[in-house]
């Protein structure tokens with residue numbers, strides 16, 4: 001019998017099971033309060049559930065069009081126009097995907113060829129680098145340090161070479177909860193102007209921005225928009241991460257190439273979910289989720305104010321970073337295990353999001369949870 005495992009050459013030899021799976025399993029086994037993986041644990045809108053049921057009963061159970069349901073693409077085009085005063089064409093510039101992850105991987109695959117370089121900003125969501133490597137690309141990380149996670153664009157520019165083909169940005173940012181400002185976007189626009197560099201803008205948390213700030217989509221900057229793939233997630237916006245329904249918006253010429261990959265990866269996304277979401281989006285107020293999450297962020301921070309953890313600013317997304325340097329000298333992963341096994345709370349080490357394991361004694365907690373869950377977690381953490 002042939003030992004196939006001995007003959008198979010791994011495309012991702014250094015990649016292990018994601019930490020979200022590892023910590024999630026440990027949390028379940030230990031009965032810990034789970035603030036690790038980024039998913040809400042509160043109820044989905046009953047209206048949206050009813051709309052999915054209605055779609056199924058009405059027979060919307062077969063393949064959606066490869067590009068996605070036109071009604072949903074039109075609703076997205078209208079929503080984007082309301083939010084930003086800009087319109088992407090529903091027919092030729094919007095593609096519905098099987099979640100944000102597939103949208104991101106497809107965009108990377110569209111751009112990156114063997115030997116191409118892609119710049120990512122670390123700490124970075126862990127799907128970016130593998131997508132680049134699988135396509136034969138080379139990852140060039142720009143590493144944020146300190147507690148403010150600000151980009152020094154002069155330093156960033158030094159990473160660009162003649163082989164740079166893609167820059168990946170993420171705003172609001174996972175895991176740091178920072179947002180890119182208008183000034184940041186203008187700097188990026190200036191850096192990429194008169195180059196053939198593409199931009200992949202991961203904007204899945206676009207509707208979760210705090211303090212009256214405005215989400216600065218790449219679409220608001222013409223010279224960025226013409227070279228950019230924008231990725232978003234209905235699953236994040238409507239608290240249904242298990243539905244895996246996202247989208248990619250890009251100019252017509254980029255979308256044409258994008259769909260060549262898309263149709264050979266998944267062909268089409270989930271039909272009844274698309275039907276339901278299209279109808280749900282016809283009420284614009286259903287997109288207004290920032291107040292919900294800002295209230296949860298503030299409540300969690302209030303619960304934690306007497307703890308020895310030090311909160312770092314959270315400007316968007318549904319994550320809150322806490323520094324524990326006054327509590328322990330343990331490395332982040334070790335401290336996460338200590339919290340799990342000795343105290344019963346699960347978080348994620350920010351060092352996981354760095355390719356070099358940069359350790360600043362910071363943990364990420366997800367506050368997209370019921371008040372009861374946040375109260376239980378905070379009660380434990382205040383005693384650490």
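So here's what we get for this one:
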{"read-out": "Distance (nanometres) between label positions extended 7 Å along Cα→Cβ at residue 372 and residue 384", "value": "2.3"}
{"read-out": "Theoretical gain in end-to-end length, residue 153 to residue 266 [0.36 nm per residue, Cα-Cα removed]", "value": "37.0 nm"}
{"read-out": "Principal axis box of segment 104-210, alpha-carbon based, largest edge first, Å", "value": "39, 25, 23"}
{"read-out": "Stretchable slack from residue 160 to residue 7, in nm (0.36 nm times residue separation minus alpha-carbon distance)", "value": "51.4 nm"}
{"read-out": "C-alpha center-to-center spacing [segment 202-249, segment 1-54] in angstrom", "value": "22"}
{"read-out": "Alpha-carbon gyration tensor eigenvalues x 5, square-rooted, for segment 206-314, Å", "value": "32, 19, 14"}
{"read-out": "Residue 91/residue 195 FRET efficiency (R0 35 Å; Cβ-Cβ; nearest 0.05)", "value": "0.75"}
{"read-out": "Cα-based shape type of segment 1-115, given that a ≥ b ≥ c are square roots of the gyration tensor eigenvalues and the cut on a/c is 1.5", "value": "oblate"}
{"read-out": "Relative contact order for the chain, counting Cα pairs under 8 Å that sit 6 or more residues apart, in percent", "value": "25"}
{"read-out": "Estimated [θ] at 222 nm from DSSP helical runs (n ≥ 4, -39500 (n - 2.57)) normalised by residues in the chain, nearest 500", "value": "-11000 deg cm²/dmol"}
{"read-out": "Overall form of segment 46-285 per C-alpha gyration tensor (a/c, 1.5; a/b vs b/c)", "value": "prolate"}
{"read-out": "Gap separating the Cα centres of segment 163-183 and segment 87-133, nearest whole Å", "value": "13"}
{"read-out": "Evaluated over segment 264-362, the Cα radius of gyration and Dmax, each in Å", "value": "19.0, 53"}
{"read-out": "Prolate/oblate/rounded label for segment 175-264 (Cα gyration tensor, a/c 1.5)", "value": "oblate"}
{"read-out": "Length released on extending from residue 49 to residue 16, taking residue separation times 0.36 nm less the Cα-Cα span", "value": "8.4 nm"}
{"read-out": "Average silhouette area of segment 229-286, convex hull of alpha-carbon atoms, in square nanometres", "value": "4.5"}
{"read-out": "Semi-axis lengths (Å, descending) of the ellipsoid that matches the C-alpha gyration tensor of segment 184-224", "value": "22, 11, 7"}
{"read-out": "Considering only segment 46-285, percent of DSSP beta bridges that pair antiparallel, nearest 5", "value": "30"}
{"read-out": "Label point distance in nm, residue 286-residue 301, each placed 7 Å from Cα along Cα→Cβ", "value": "3.1"}
{"read-out": "Share of alpha-carbon pairs per 10 Å distance bin for segment 21-84, given as whole %", "value": "15, 25, 29, 25, 6"}
{"read-out": "Per-residue Cβ neighbour rank within 10 angstrom, fewest leading, 11, 331, 16", "value": "16, 11, 331"}
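Just so you know, all these numbers are worked out from the coordinates, no wet-lab data involved. Keep in mind the model is a prediction, meaning the values are calculated, not measured. Please note: Cβ atoms are built from the backbone with ideal geometry, for glycine as well, and neighbour counts cover all protein chains shown.
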